[in-house]
Amino acid sequence: MTTAGQSTEGGAGEDPAQDPVRTPVQEKGQGTTVRGTPEQGTTARGTPGQGAREQEFARRTGPGAWRPRVLRDASLSAVLAGLVTVTVSCSGPLLVVLAAAAAGHLSDEQTASWVWAACVGSGVTCAVLSWWTRMPVITAFSTPGAAVLVGSLGNYSYPEAVGAFIISGLLMALIGLTGVFGRIMRRIPPGIVAGMLAGVLFSFGAGLFSALDTAPLPVLTALATYLAVKQRSPRYAVAGALVAAVLATAVAPGFHSTPVDIGWTLPVFTAPEFSGAALVGIAIPLAVVTMASQNAPGLGVLAACGYRPNDRLLLTATGLTSSALAPLGGHAVNLAAITAAISTGEESHPDPRRRYVAGLASGFFYLLTGVCGAALVGLFAVLPAELIAVIAGVALLGTISSSLAQTLADERGRDASVVTFLTTASGVTLGGIGSACWGLLLGLATHAALSVLPVRRRGRRDRGKNPTPASGDASTASSRSAAG
């Protein structure tokens, strides 16, 4: 598996649907083949031997073709990965959205419409982008952006906030369209990207065992089931642990179920108003926080799992979707990081080319929760927080272990990767920017201090020891050699 730092060749200019996964190539040249699925059998780009079979495969899997392959690629593990993804995404992060709505003094109808727009926007982008690119593209509503709105939304009228949401989405789409953001991400060393991912997921792994204090039965039952099933069928280990955790929670003493009213949620349109104050106070901070704390780790998750995402397509699509749903309450749709790791890992499916089904399933469950947004609020108020922690922790165990291994793989860049991991795992927030962004910046600074700057200093010292002769000396030396 190659990593983010090696993806310059497969950048935004290529069609990700033709080869969405970075697969090892033996050696560039004639006769080399890309290892893929047995059905694929395609040769590397530009090499002789691409015949009718490969062209037929490209035709059947191209972005414009209807894909009955979805039914053949579907698996229970991928569908359950999508379900767990949406469950985790709509538990804790949803409470932040509700807090932001309360800070803005929104009505119940406006709050339900906000939940509707956030879930429907995430569902549409998940399903369409996963189907189009044939990779598990997981999107979500911006949790750091909602956290920023908790402190600022009350200072503006709601129509002004809606106008700021529109501008913020357009700014993110413009940044994605230029391709600058993706080029920067591809230049980051892979160990730093893996360290950022491991740091983002660390709290969820630790939360699994922290829940032992209050809910030991669900934790131990889920963990034992996960280990037992993984020995026989790794694909269904997470599914078995999920069922075991739910059953153990239901029979645990002290759990009381509460009836939840299920009804349809109708979106509420709000005409936007544009003001300079809301642009500075909401739009720009929302765009910066979402790009740094969500989209950057989101691209990193896909790269760390072996995919080569088309950053222009993904960032432009999510930015435009954010602007389109802003009048209905949606503040920002972005690439997911934590929840994406659930659907992009091996627990979703051993074959990376079949994990896109998890993205389709996530889109379906997002849409389902969106149309029942009012009931969703009541449902997550009933579910024990320990159950969500157990589900998320077990689902992310495999991804955490692989990202930690990749973090420590490169001995020369290990210090920078560890700094990235520790900073991200600390959860520090400075200036409204989350720990993932700060971990990335400090990791890059460490990498520059330990690797880039010493190499440049050595280069200058070497040039000083062997100075280039002046032009006069060079001409004199050449004339002497000619005379000799």
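The values are calculated or read from the model by the stated rules, or taken from the named source; none is laboratory data. For clarity, every value in this text was computed on a predicted model and none was experimentally measured. As a convention, Cβ positions derive from the backbone with ideal geometry for all residues, glycine included, and neighbour counts pool all protein chains shown. Quick note on the areas: whole protein, heavy atoms, side chains included, nothing else; ligands and nucleic acids left out. Shrake-Rupley method; radii C 1.70, N 1.55, O 1.52, S 1.80 Å.
A few points about this structure:
- Scanning the stretch 94-126 for residues that are closer than 29 Å to residue 310 by Cα and open to solvent by 30 Å² or more (accessible area, probe 1.4 Å) gives 116, 124.
- Answer from 75, 107, 113, 122 - the residue that is small (Gly, Ala, Ser) and under 19 Å from the mean Cα position of the chain (by Cα): 122
- For the stretch 394-445, filtering for residues that are under 30 Å from residue 149 (Cα atoms) and polar (S, T, N, Q) leaves 6.
- Residue that is most open to solvent (accessible area, probe 1.4 Å) [pool: residues in the stretch 409-428 that are outside any helix (DSSP H, G or I) and touching a residue at least 12 places away in the same chain (Cβ under 8 Å)]: 412
- For the stretch 202-223, a residue qualifies if it is more than 15 Å from residue 398 (Cα to Cα), open to solvent by 60 Å² or more (accessible area, probe 1.4 Å) and in a helix (DSSP H, G or I), and the qualifying residues are 209, 210, 216, 217, 220.
- Of the residues making up the stretch 334-367, those that are modelled with pLDDT of 90 or more and of a type in the set (S, T, N, Q) are 334, 362.
- Scanning the stretch 308-344 for residues that are part of a loop (DSSP other than H, G, I, E, B) and either more than 22 Å from residue 110 (Cβ to Cβ) or in contact with a strand residue (DSSP E or B) (Cβ under 9 Å, 6 or more places away or on another chain) (or both) turns up 308, 309, 310, 330, 331, 332, 336, 337.
- Residue within the stretch 178-196 that is among the small types (Gly, Ala, Ser), surrounded by fewer than 21 Cβ atoms within 10 Å (Cβ to Cβ) and either in contact (Cβ under 8 Å) with a residue 24 or more places away in the chain or assigned to a loop (DSSP other than H, G, I, E, B) (or both) present: yes
- The residue that is farthest from the chain's Cα centre (by Cα), counting only those in the stretch 314-351 that are crowded, with 24+ Cβ neighbours inside 10 Å, polar (S, T, N, Q) and closer than 30 Å to residue 402 by Cα, is 348.
- Total residues in the stretch 368-385, condition open to solvent by less than 60 Å² (accessible area, probe 1.4 Å), under 30 Å from residue 216 (Cα atoms), modelled with pLDDT under 75 and assigned to a helix (DSSP H, G or I): 6
- Considering residues of the stretch 224-253 that are under 16 Å from residue 388 (Cβ atoms), in contact (Cβ under 8 Å) with a residue 24 or more places away in the chain and open to solvent by 60 Å² or more (accessible area, probe 1.4 Å) only, the residue nearest to the chain's Cα centre (by Cα): 246
- Matching option when the condition is open to solvent by less than 10 Å² (accessible area, probe 1.4 Å) and at pLDDT below 85, among 301, 289: 289
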